[in-house]
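All remarks here apply to the structure that follows.
The values are calculated or read from the model by the stated rules, or taken from the named source; none is laboratory data. Predicted model only: the values in this text are computed from it and were never measured. Heads up, the Cβs are rebuilt from the backbone with ideal geometry, glycines too, and the neighbour counts pull from every protein chain shown. For accessibility, only protein heavy atoms count, side chains too; no ligands or nucleic acids. Shrake-Rupley method; radii C 1.70, N 1.55, O 1.52, S 1.80 Å.
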Amino acid sequence: MTTLLTLISTLLWWVLYSSIGALFFAIIAWGVLRWSERCTVVFNRTYLACLVWNLIGLLLIAGVAVHEGHTQPPYVALLTSPLLRGALVLDMLIGAFVLWRLIPRTDARRIRPASACMAVAVIMAVAFGAATSLV
């Protein structure tokens, strides 16, 4: 019973933290996409795409951290890991694909792949800036 409750609690916290991060990233992505597309995009779909991307990304990064054995601070050794760098590249590719596939413009056309890549690049730059200031 304790294992089941632990698993349910872990899943709830995983979804909660992903949704908080997705809201922050969706605000950034929405602004970047409005600027790069020169057309309005649907915010709730931007949030959905960022949520899916964060759920996958947290699993990917946590899997690398567990595999490397760096689950406790300081995380400097994890940040210099080649496996984490590869996982972050894969995470950015997944993010660009998810944003491109899930976010429509208001004229019912899909955003351009270059706009999705730009949004992912800005989000990752902000995330790296925040992560390096915390470490």
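Say whether the condition of being of a type in the set (Ser, Thr, Tyr) and in contact with a strand residue (DSSP E or B) (Cβ under 9 Å, 6 or more places away or on another chain) is met by at least one residue in segment 10-25. Looking through segment 10-25, none of the residues is of a type in the set (Ser, Thr, Tyr) and in contact with a strand residue (DSSP E or B) (Cβ under 9 Å, 6 or more places away or on another chain). Going by the structure shown, is residue 71 free of Cβ contacts under 8 Å to residues at least 40 places away in the same chain, surrounded by fewer than 17 Cβ atoms within 10 Å (Cβ to Cβ), closer than 21 Å to residue 86 by Cβ and not small (Gly, Ala, Ser)? The answer is yes for residue 71. When 111, 61 are screened for being of a type in the set (A, V, I, L, M) and in contact with a Lys or Arg (Cβ under 7 Å, 6 or more places away or on another chain), only 111 passes. Once segment 31-58 is narrowed to residues that are assigned to a helix (DSSP H, G or I), open to solvent by 80 Å² or more (accessible area, probe 1.4 Å) and out of contact with any helix residue (DSSP H, G or I) (no Cβ under 8 Å at 6 or more places or on another chain), the residue that is nearest to residue 18 (Cα to Cα) is 44. Every condition in (1) on the phi < 0 side of the Ramachandran plot; (2) surrounded by fewer than 14 Cβ atoms within 10 Å (Cβ to Cβ) is met by residue 108 except one, and the failing one is (1). Using the structure shown, decide if residue 10 is of a type in the set (S, T, N, Q), part of a helix (DSSP H, G or I) and open to solvent by 70 Å² or more (accessible area, probe 1.4 Å). Yes; evaluated as a whole, the condition is true for this residue.
Can you tell me which residue is modelled with the lowest pLDDT among those in segment 20-30 that are more than 11 Å from residue 119 (Cα to Cα) and surrounded by 15 or more Cβ atoms within 10 Å (Cβ to Cβ)? If we take residues in segment 20-30 being more than 11 Å from residue 119 (Cα to Cα) and surrounded by 15 or more Cβ atoms within 10 Å (Cβ to Cβ), then 21 is modelled with the lowest pLDDT. Answer yes or no: is there a residue in segment 118-129 that is assigned to a helix (DSSP H, G or I), exposed (fewer than 14 other Cβ atoms within 10 Å of the Cβ), at pLDDT below 95 and over 14 Å from the mean Cα position of the chain (by Cα). There is at least one residue in segment 118-129 that is assigned to a helix (DSSP H, G or I), exposed (fewer than 14 other Cβ atoms within 10 Å of the Cβ), at pLDDT below 95 and over 14 Å from the mean Cα position of the chain (by Cα).
Of the listed requirements (1) out of contact with any strand residue (DSSP E or B) (no Cβ under 9 Å at 6 or more places or on another chain); (2) within 26 Å of residue 97 (Cα to Cα); (3) in contact (Cβ under 8 Å) with a residue 60 or more places away in the chain, residue 57 misses just one: (3). Filter segment 81-115 for residues that are touching a residue at least 60 places away in the same chain (Cβ under 8 Å) and not in a strand (DSSP E or B) and give the result. Matches in segment 81-115: 99, 103, 106, 107, 111, 112, 114, 115.
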